[in-house]
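Notes follow once the structure below has been shown.
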Amino acid sequence: MTSPSTVTPQAPAAGQVPTIDPGSLFRFATAGSVDDGKSTLVGRLLHDAKAILADQLEAVGRTSAERGFGGGTGRLDLALLTDGLRAEREQGITIDVAYRYFATDRRSFILADCPGHVQYTKNTVTGASTADAVVLLVDARHGVVEQTRRHLAVVSLLRVPHVVIAVNKIDLVDYDQEVFDRVTADATDVATRLGIEDVHVVPVSALEGDNVVETSERTPWYTGRPLLRVLEELPTVDESGRGTARPFRLPVQYVIRPQGGTAPGLDADALRDYRGYAGQIASGTVAVGDEVVVLPAGRRTTVTGIDVAGTAPVPGAPLPGEQLTEAAAPLSVTLRLADDIDIARGDLVASADAELPEPTRDLVASVAWLGERPLQPRARVLVKHGAATVQAMVQDLEGRLDLEELVLRDAGTLELNDIGRVRLRLASPLPVDPYDRLRRTGAFLLVDPATGNTLGAGLVRDA
Amino acid sequence: MTAIPTAATHDHGPAEAGVHSSLDALEAESIHILREVVAEFDRPAMLFSGGKDSVVMLHLAAKAFWPGRIPFPVLHVDTGHNFPEVLDFRDRTVERLGIRLVVAGVQDYIDDGRLLERADGTRNPLQTLPLLDAIAANKFDAVFGGGRRDEDKARAKERILSLRDEFGQWDPRNQRPELWNLYNGRHTAGQHVRAFPISNWTELDIWRYIERENIELPPIYYAHERDVFRRDGMWMAVGEFSAPAPTEPVERRSVRYRTVGDMSCTGAVLSDAGTVADVVAEVAVSTLTERGATRADDRISEAAMEDRKKDGYF
């Protein structure tokens, strides 16, 4: 059934119990050019997935009527559901990434709604950096445009595992299969040339609701699943690497030494010599007894404990400790190690029996430039990687990605929203992995030492 | 070998790897944010009101630094119109955890004329000045807040780490891009950072986690009998700071609070949910947002929260 074209406010019906345990977490980002109808699609997705509550719908209904949306038919301007800032509502555009949350009986979703204007591409980079999938809107009437190529380049650069291309406004081309096939061919061609492996294409009308949550009868030639069902079935990124032998990585964030005071219920004397290395497992699995290497120094040692605080037996009681025998990404844990070696924030604990990241002072990296001022060779920057921040110099700009031809070309600078390749010289070594292999330990920020602003997103390439 | 009191030995290894629940993923992310901020800032503090979101945030901090004590003080901006049950809970909690409590009192500002009572009696917007003064006086360079992006359209645009100038102002059009889980907290003298470790939690996540972790809350979150009256479609408690008008009849009803704020502008909802499991079930089928249902101050306009945040509010 296709949703009716006149949307009337509807909240979850009484007695209809949404799932209480929505299982796993799936993060996706939306991107598209301005006027592709992205806010409307997001609004439609939330509305038809019953994630909009009655008071939010009422507010949208009031504003829609005040602005004469739909000419007094009572239709809702679903874009109003996501445009959060006053300037966005006034100008009818999206300025900044907005995060939305909804759950179906299959999964919990975190949606990063990214703006379409070229000058806001940095927000698409932001949204895509944590995404399991990107939903890219293409206007059926205009087909693949420069912004589409730019966004696909970002998706490729950031190794987002899945792309879903929503060919929107299919109602405005009379649900014509030929138009859809043409857009599909063009978009798939660009994606293939960029090395994007998993691409899904869905014909939708955000305004009318076709193929967003329910399969549309107006596109009988489309045999695939509607957008939300596609998102429910895509595999999540398994950072723990079950079955893929992902090596263990834990950037040390903080050294826990409780002499300053212990948690309630603990004996300070018994904990006098406690040293725990706290961090979030970035990749793989660790077990008590595992041999590990602490980088960049390269010292070998053994894991003697994996500590987390447990659950209070009754409300208000002190937290007991839990000693895990094994833990996997993405858990935040505290490691104890056998040898009394000097470990500080910024060090990386890695499994000794797998390929080790090579501490290096020379990085070759892809960069998405997000700074207002262009990147110049010889510029001094800070590199923030894991829990470490080091000084660096841009030694060489190896080229800029030409978004028409999708090839690297010589360039003197990188401008805002450009993607390029740089060679960096670091003041001290960092243990990095190639981003294509491990997202977490292959990613870094470029930071302006003067203003503290984030200048770019860096992705370590295979040297 | 270090002696650590242990409840159990658990296997969170490969057998379960990749099938961590959404709550496990949210908890791990929040603990990561808490540790990043504490490691990178000199003088962090956490906003703590005794409300459920700040209670969960404080619980996550206890887990993040266990077996150490929470390594920062908590800050409460007291409107002077707080529920006594909540103030009592606040004081017991900080004592139990052995942490320092800093209170910034709106009442003090009204008493000496630095702030004027508003005509509508609402004190939520008045919290900003005492908050900023307390941040400056204590030289806090990072302040944790329990804001969640699902609460409000303006909050949906907030970063995990949000840079504020010396006036505490939020500039939504000029936010730093926030990539992967790399949080850039660099700031200059006079600036501070607001950090939101539970940005990605929904109201239902909060309640499911309270149930899973056995987290204690102020009793008013659960159904109880109370004298209430109807105002602007909300049930207001009869109390010192919220008196009914002659046209507003008082009734005795079973109610609970979905949010806990200033008594003068926080409404109760009719409910029989007496246990955390009842509340989880109730929240799961709710047809109104928590702020829409219970906060007079957020009903003023579509941009009420955005305007307060630009001025330095939480």
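Results, tabulated for the structure shown:
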| read-out | value |
| --- | --- |
| Dipole magnitude of chain A about its Cα centre (Cβ charges: Lys, Arg +1; Asp, Glu -1), debye to nearest 20 | 940 debye |
| Amide H contacts under 5 Å for residue A:254, placed H, 5+ residues apart | A:278 |
| Dipole moment magnitude, nearest 20 debye, chain B about Cα centre, only Lys, Arg, Asp, Glu C-beta charged | 460 debye |
| Under-5 Å amide H pairs with residue A:337, H placed in peptide plane, nonlocal only | A:304 |
| Mean-position separation - Cα centroids, region A:387-463 and region B:98-114, in angstrom | 47 Å |
| Separation of alpha-carbon centers, region B:144-170 and region A:118-161, rounded to whole Å | 25 Å |
| Mean ellipticity per residue at 222 nm, deg cm²/dmol - from DSSP H runs of n ≥ 4 across chain A, formula -39500 (n - 2.57) | -5000 deg cm²/dmol |
| Shielding by other protein chains, A:379-388, mean Cβ within 10 Å | 2 |
| Estimated vicinal HN-Hα couplings, Hz - region A:423-435 in sequence order (Karplus 6.51, -1.76, 1.60; Gly, Pro = x) | 10, 10, 10, 9, 6, 8, x, 10, x, 10, 10, x, 4 |
| Inter-label distance, nm, simple model (7 Å from Cα along the C-beta direction), residue A:393/residue A:450 | 1.8 nm |
| Percent breakdown of C-alpha pair distances by 20 Å bin, ordered from the shortest bin, for the protein assembly as shown | 16, 50, 31, 3 |
| Tilt relative to chain A, helix A:38-48 - C-alpha long axis, 0 to 90 degrees, to 10 | 90 degrees |
| GNM result for chain B, Cα springs below 10 Å: residue of B:146, B:121, B:274 fluctuating most strongly | B:121 |
| Proximal charge balance of residue A:391 [Cβ under 15 Å; K/R count +1, D/E count -1] | +4 |
| Listed residue pairs exceeding 20 Å between alpha carbons, taken from B:153/B:310; A:38/B:157; B:157/B:310; A:384/B:63 | A:384/B:63 |
| Protection proxy ranking, peptides A:141-152, A:36-47, A:292-303, average beta carbon neighbours within 10 Å, highest first | A:36-47, A:141-152, A:292-303 |
| Overall dimensions of region A:376-462 by Cα: Rg and Dmax, Å | 12.9, 38 |
| Distance between modelled label sites at residue A:221 and residue B:275, nm, 7 Å Cα→Cβ extension | 5.8 nm |
| Chain B: calculated mean residue ellipticity at 222 nm from DSSP helix runs of at least 4, using -39500 (n - 2.57) | -9000 deg cm²/dmol |
| Cα long-axis angle, helix A:146-157 against chain A (0 to 90 degrees, to the nearest 10) | 30 degrees |
| Nearest-ten-degree value, helix A:54-66 long axis tilted from longest Cα axis of chain A | 50 degrees |
| Prolate/oblate/rounded label for chain B (Cα gyration tensor, a/c 1.5) | oblate |
| Relative exposure of B:66, A:369, B:180, judged by other C-beta atoms within 10 Å (fewest first) | B:180, A:369, B:66 |
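Bear in mind that the values in this text are calculations on the coordinates, not laboratory data. What you see is a predicted model, and the numbers here were worked out from it, not measured in a lab. Here Cβ is always computed from backbone atoms with ideal geometry, including for glycine, and neighbour counts include all displayed protein chains.
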